[in-house]
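Working notes for the structure below.
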Amino acid sequence: MDLQKIRYFLVLAEELHFWRTAERVFISQSSLSRHMQALEEELGIKLLKRDKRNVKLTDAGKFLQKQWRVKVRELDHIQSQAKKISEGEAGGVSITYPGSIAFKFLPLFLDNLNSKLPNLKIELTEPTDENHEKLLLDYKADIAFGRDRIENSSIETYQLYAEPVCLIVPKAHWLTQENFVSLKDLQNERFILSGLHQKTFFASFLRNLFHNYDFEPQVLIESDFGGMILSLVSKGLGITILPSSFSYAKAENVRFIELDEEIGLFMNWRKNELNKAIERVVECGKETAMLYSRLL
């Protein structure tokens, strides 16, 4: 069925006058009449009662006017959304992220994104022991913020910034930035860490860090959630090592001590992406990183 005929019918059902309707839809009165006859023949339903001066809707015409008005409005909305997706202004984007960026960078990024693409729907996921590469390739994520660069010919990767890694201790702890010398001085300390047995990038980073210092930490509690770890340290249950971005969590009763180590934040996405919104999200991520880097 020709959608244009339905649009003509809806205008005619509103005007109930062939001449005025023809003017509104920019066709001749005779063409409008032919379109209405063709629509009735296609449906096998009488839609209009005609005489020389007046047009009235049949009961079936009134029913279809009500139903089609809603459906055409919905269709117009769908087409409008499709156009916005094509232009990179709307649609949906799935983003994965590490918990460490949730306190400053991620809110800055989302605020920036909302100002540029207010109609874009964002789905946020904080995976714990997930493979970001697989999430992207399986279309379970569109943008993956992560601590590692993904080496895959089908994935683009961009380093947004680098930040220090910090020892975090309770404020009453004896260790300070001034008296810290080496991790080896912490042999008797109780650590709260991400599980060192895991395959995440940060777990691997910690293993290498301890290996370089020839140091085996005494791990009291394991957790994949930095916010929880920070809370436990503030309660005096142990010390930890986390990216400095956790300082924006404003946790009470903790002290951050910078180590001579840095960790990056990378943005990863699929190459040759059809969703143009992703390209604009990527640009927004780069802009936000420039702003955030000034705050470090």
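Determine the pairs where a residue that is in a strand (DSSP E or B), located within region 239-268, has a partner that is among the basic types (Lys, Arg) with Cβ atoms under 6 Å apart, the partner being 6 or more residues away or on another chain.
Short answer, once both residue conditions are applied: Arg255/Lys171; Ile263/Arg147; Phe266/Arg149.
For region 93-125, name all the residues that are open to solvent by less than 60 Å² (accessible area, probe 1.4 Å), aromatic (Phe, Trp, Tyr) and in a loop (DSSP other than H, G, I, E, B).
Scanning region 93-125 gives a single hit, Tyr97.
So, of the residues in region 257-296 that are among the acidic types (Asp, Glu) and within 26 Å of Lys134 (Cβ to Cβ), which turns out to be least open to solvent (accessible area, probe 1.4 Å)?
Glu273
So for region 52-61 (the condition being open to solvent by less than 30 Å² (accessible area, probe 1.4 Å), among the small types (Gly, Ala, Ser), more than 18 Å from Ile143 (Cα to Cα) and not in a strand (DSSP E or B)), does at least one residue qualify?
There is at least one residue in region 52-61 that is open to solvent by less than 30 Å² (accessible area, probe 1.4 Å), among the small types (Gly, Ala, Ser), more than 18 Å from Ile143 (Cα to Cα) and not in a strand (DSSP E or B).
Take Lys5 and decide whether it is outside any helix (DSSP H, G or I) and either within 20 Å of Arg73 (Cβ to Cβ) or touching a residue at least 12 places away in the same chain (Cβ under 8 Å) (or both).
No: the conditions fail for Lys5.
Condition first: in contact (Cβ under 8 Å) with a residue 60 or more places away in the chain and either surrounded by fewer than 13 Cβ atoms within 10 Å (Cβ to Cβ) or in a helix (DSSP H, G or I) (or both). Now tell me which residues in region 126-138 satisfy that.
Asp129, His132, Glu133, Leu136, Leu137, listed by residue number.
Could you grab me the full set of residues in region 229-271 that are β-branched (Val, Ile, Thr) and over 22 Å from Val181 (Cα atoms)?
Residue satisfying the conditions is Ile229 alone.
Mind listing whichever residues of region 148-203 are in contact with a helix residue (DSSP H, G or I) (Cβ under 8 Å, 6 or more places away or on another chain), in a loop (DSSP other than H, G, I, E, B) and over 30 Å from Phe266 (Cβ atoms)?
Leu175
Considering every residue within region 75-82, establish whether at least one is closer than 16 Å to Ile6 by Cα, of a type in the set (A, V, I, L, M, F, W, C) and either in a helix (DSSP H, G or I) or open to solvent by 60 Å² or more (accessible area, probe 1.4 Å) (or both).
yes
Filter region 204-231 for residues that are part of a helix (DSSP H, G or I) and touching a strand residue (DSSP E or B) at 6+ places or on another chain (Cβ under 6 Å) and give the result.
Result: Gly226, Ile229.
The values are calculated or read from the model by the stated rules, or taken from the named source; none is laboratory data. Note that the coordinates shown come from a computational prediction; the quantities given were computed from them, not determined experimentally. With ideal geometry, Cβ positions are generated from the backbone for all residues, glycine too; neighbour counts draw on all protein chains shown. Protein only, heavy atoms only, side chains kept; ligands, DNA and RNA dropped before computing areas. Shrake-Rupley method; radii C 1.70, N 1.55, O 1.52, S 1.80 Å.
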